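Comments concern the structure below.
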Amino acid sequence: LFQMYLQISQTEKAEKLVRDYRSILPGNVAQEYEIQLDIQQARLNEAWSKTQAYLQLYPGEEGKYRLLAGYFERKSFFDYAIRIYQQGRKTLNRNDIFLMETGNAAFYSHQYDLAVQEYIRFLEAQPGNVYFVGNQLNVMLTENPDLIRQLKTIAKASTSFEVKEVYAMSLSRIGRFTEALAEYEQLPTEKLTVFANEQYQAGRDSLAIAA
């Protein structure tokens, strides 16, 4: 019922529900409801203060950081979500968590420099996500082609074939086909074959033959 009231923006009814049943709600549930109510009404200072108090009760629980960051993300307060993810990394002493989540929050808030860094780290940790990361990069590069310089620096320093592949894909997608070919030539043969087929289908026969 509480979530339904939030979804239809009946915040007064949601607040009354919490007040009426607070004494029988588990402590963490009541806190979670109150944080969501504050976010719903853009009372961000109050929401942040309650978030910090809540996280102090569960400092070692990774899922709690993800839960609370999600509350802020639902209302597009992505900066707050990023701060929670970064806080979680520091508190848990793990730099390998919340990579995709931070990348997504940075992506949706147009913090593209951060998004590129996080997505590439995510790809290095989860190499099966080449096409997801490649598609996200494509959206960002369409809006800001200059990001290719940052991606080049990262790709050149990386030992991940997948990172080098998304760099080659990105070069191709922004029309820098000769540079893309040079990168594909450093990748496994099947990747170069895919690139050659794409060029042939697009009518760029000379590139297809070169590949």
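The values are calculated or read from the model by the stated rules, or taken from the named source; none is laboratory data. Bear in mind the structure is a predicted one, so any value in this text is a computation, not a measurement. As a convention, Cβ positions derive from the backbone with ideal geometry for all residues, glycine included, and neighbour counts pool all protein chains shown. Keep in mind that these areas ignore ligands, DNA and RNA; they rest on the heavy atoms of the full protein, side chains included. Shrake-Rupley method; radii C 1.70, N 1.55, O 1.52, S 1.80 Å.
The condition of being loosely packed, with under 15 Cβ neighbours inside 10 Å, modelled with pLDDT of 80 or more and not polar (S, T, N, Q) holds for ALA53. Checking each residue of the stretch 119-130 against the condition of being hydroxyl-bearing (Ser, Thr, Tyr) and more than 25 Å from GLN86 (Cα to Cα) gives no match. Quick check: anything in the stretch 114-122 more than 30 Å from VAL29 (Cα to Cα) and among the aromatic types (Phe, Trp, Tyr)? Yes, some residue in the stretch 114-122 is more than 30 Å from VAL29 (Cα to Cα) and among the aromatic types (Phe, Trp, Tyr). The residues of the stretch 68-90 that are in contact (Cβ under 8 Å) with a residue 24 or more places away in the chain, surrounded by 16 or more Cβ atoms within 10 Å (Cβ to Cβ) and part of a helix (DSSP H, G or I), listed by number, are LEU68, ALA69, TYR71, PHE72, GLU73, PHE78, TYR80, ALA81, ILE82, ILE84, GLN87, GLY88. Among the residues of the stretch 74-107, the one identified as under 11 Å from the mean Cα position of the chain (by Cα) and charged (D, E, K, R) is GLU101. Among all positions in the stretch 158-175, there is at least one residue which is at pLDDT below 95 and of a type in the set (Lys, Arg).
Show the residue pairs meeting these rules: Cβ distance below 8 Å; 6+ apart or different chains; first residue within the stretch 185-200 and modelled with pLDDT of 80 or more; second residue open to solvent by 60 Å² or more (accessible area, probe 1.4 Å). Close Cβ pairs satisfying both conditions: LEU187/PHE161; PRO188/PHE161; LEU192/GLU185.
Restricted to helices (runs of 4 or more DSSP H) entirely inside the stretch 116-211, those with at least 2 residues that are buried (at least 19 other Cβ atoms within 10 Å of the Cβ) are 130-143, 147-157, 161-173, 177-184, 189-201. Only one entry of PHE107, PHE98 meets the criterion of being on the phi > 0 side of the Ramachandran plot and buried (at least 19 other Cβ atoms within 10 Å of the Cβ), and that entry is PHE98. For beta carbons closer than 6 Å, sequence separation of 6+ or different chains, a first residue in the stretch 33-62 that is on the phi < 0 side of the Ramachandran plot and a second that is open to solvent by 50 Å² or more (accessible area, probe 1.4 Å) and in a loop (DSSP other than H, G, I, E, B), the qualifying pairs are ILE39/LYS75. Part of a loop (DSSP other than H, G, I, E, B), modelled with pLDDT under 60 and not aromatic (Phe, Trp, Tyr) - does that describe any residue in the stretch 16-29? There is at least one residue in the stretch 16-29 that is part of a loop (DSSP other than H, G, I, E, B), modelled with pLDDT under 60 and not aromatic (Phe, Trp, Tyr).
Taking first residues from the stretch 131-145 that are modelled with pLDDT of 95 or more and partners that are part of a helix (DSSP H, G or I) and among the small types (Gly, Ala, Ser), the Cβ contacts under 6 Å between residues at least 6 apart in sequence or on separate chains come to LEU137/SER170; LEU141/SER170.
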